[in-house]
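Visitor: Quick one: structure below, then a few questions.
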Amino acid sequence: MNGFTNIQIGAWNVIGLDCASRGANGEVYFVDNNDGSDDNPGTSWETPFKTLAKAITVSNLNIGSGKATWAKRNTIYYSADPETASLTVFPAKCDIVGVGSCDAYDKPTLKGRHTSSAEHLGCRWFNVRFRPEANGDLFTLTAYDNGMQFHGCQFIGSESTFTTSNAIITAACELLVINGCDFDGAFANPVVYIGTGNASGIKITNNNIRGGADDGIYIKTDATFSGVNGKALIDNNRIYVAKITINDVSGLCLITRNRCISAAASGTAGVGAFVGTTALCSDNQVTAAGITFMYPLAFDADGTT
């Protein structure tokens, strides 16, 4: 026995810990929003917390308790169908792993709009469904949230009477990873919006963006990618939106292997449906208003298409 347990969550193989190994690699907490209590210790499915916020508070206290825990990574197993809560604090150095189901969905559901009010780095989400409980953005991320990751999650653009503006909007958030996620519904603004400031090390890969009244992935002109973490990578996404599928106004992102469909006309050189720096793009296929082209355009050896 090595103390580790491999847990299959959809396509994700999440590495957990058995109870005997917690001291070697962080604590494990449990949330059952249906049948838990925040008066419980939250250390097993028999004694789970009720709210995710309670588990986050306890995990952050543990991670910050001294040098023996600073380099550890905690885990929160999360079950909810659904929980309504807008988080203002994320867990530092912690994995939130969604388990169970919510109605017909194979993920727990968290309803709310989430933005951090203090620095807690290195939070990772697995297999959680996010839906709006009011009009606005689902996640607003800043430098407080460097190292945030989403794996195998689902983001909902509209539900009931509420519409999501952006699924994820950032300002100076580094090392963001969005991988293997689904973005579904009529998002009012760009689905993923990378805003002003240093956004180095961002990876947006293997996602499905299905629907949106605006752009799919938007990189603002004053987003920068300086330092050791490198340029943003936008790779192997499938995108269907009303306007520009990938709109890299910064001109600094590596954009490869994406398959894009826009309801807009392609425009001159495709800029109505896809915007990127030619020297940083490879093998992107775009369909716009029924016309399909590769970006950058393929050329023969003599320079003709």
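Visitor: Return the residue satisfying two criteria in turn: it lies in region 194-228 and is under 16 Å from Ile244 (Cα atoms) and surrounded by fewer than 24 Cβ atoms within 10 Å (Cβ to Cβ), and of such residues it is modelled with the lowest pLDDT.
Guide: Here the answer is Gly211.
Visitor: Taking Asn166 and the conditions (1) part of a strand (DSSP E or B); (2) in contact with an Asp or Glu (Cβ under 6 Å, 6 or more places away or on another chain), which numbered condition does it fall short on, given that it satisfies the others?
Guide: All conditions pass for Asn166, except number (1).
Visitor: Is it the case that Ile178 is assigned to a strand (DSSP E or B), closer than 16 Å to Tyr218 by Cα and under 9 Å from the mean Cα position of the chain (by Cα)?
Guide: yes
Visitor: So which residues in region 170-191 are touching a Gly at 6+ places or on another chain (Cβ under 7 Å), of a type in the set (A, V, I, L, M) and crowded, with 24+ Cβ neighbours inside 10 Å?
Guide: Scanning region 170-191 gives a single hit, Val191.
Visitor: Looking at the structure I just gave you, is Glu119 within 20 Å of Ala85 (Cβ to Cβ), surrounded by fewer than 19 Cβ atoms within 10 Å (Cβ to Cβ) and at pLDDT below 95?
Guide: The answer is no for Glu119.
Visitor: Moving on. Against the conditions (1) farther than 18 Å from Arg210 by Cβ; (2) outside any loop (DSSP other than H, G, I, E, B); (3) at pLDDT 95 or above, where does Ser250 fall short? Just the number, please.
Guide: It is condition (2) that Ser250 fails.
Visitor: State whether one or more residues within region 90-113 are on the phi > 0 side of the Ramachandran plot, at pLDDT 95 or above, touching a Cys at 6+ places or on another chain (Cβ under 9 Å) and not in a strand (DSSP E or B).
Guide: Yes, region 90-113 contains at least one residue that is on the phi > 0 side of the Ramachandran plot, at pLDDT 95 or above, touching a Cys at 6+ places or on another chain (Cβ under 9 Å) and not in a strand (DSSP E or B).
Visitor: Let me ask another. Quick one: is Phe139 touching a Cys at 6+ places or on another chain (Cβ under 9 Å) and not β-branched (Val, Ile, Thr)?
Guide: No.
Visitor: Could you list, in sequence order, all residues of region 108-137 that are touching a residue at least 60 places away in the same chain (Cβ under 8 Å) and touching a strand residue (DSSP E or B) at 6+ places or on another chain (Cβ under 6 Å)?
Guide: If the condition is that a residue be touching a residue at least 60 places away in the same chain (Cβ under 8 Å) and touching a strand residue (DSSP E or B) at 6+ places or on another chain (Cβ under 6 Å), then Pro108, Phe126, Asn127 are the ones that fit.
The values are calculated or read from the model by the stated rules, or taken from the named source; none is laboratory data. It should be emphasised that the depicted structure is a prediction, and the values quoted were computed from it without experimental measurement. With ideal geometry, Cβ positions are generated from the backbone for all residues, glycine too; neighbour counts draw on all protein chains shown.
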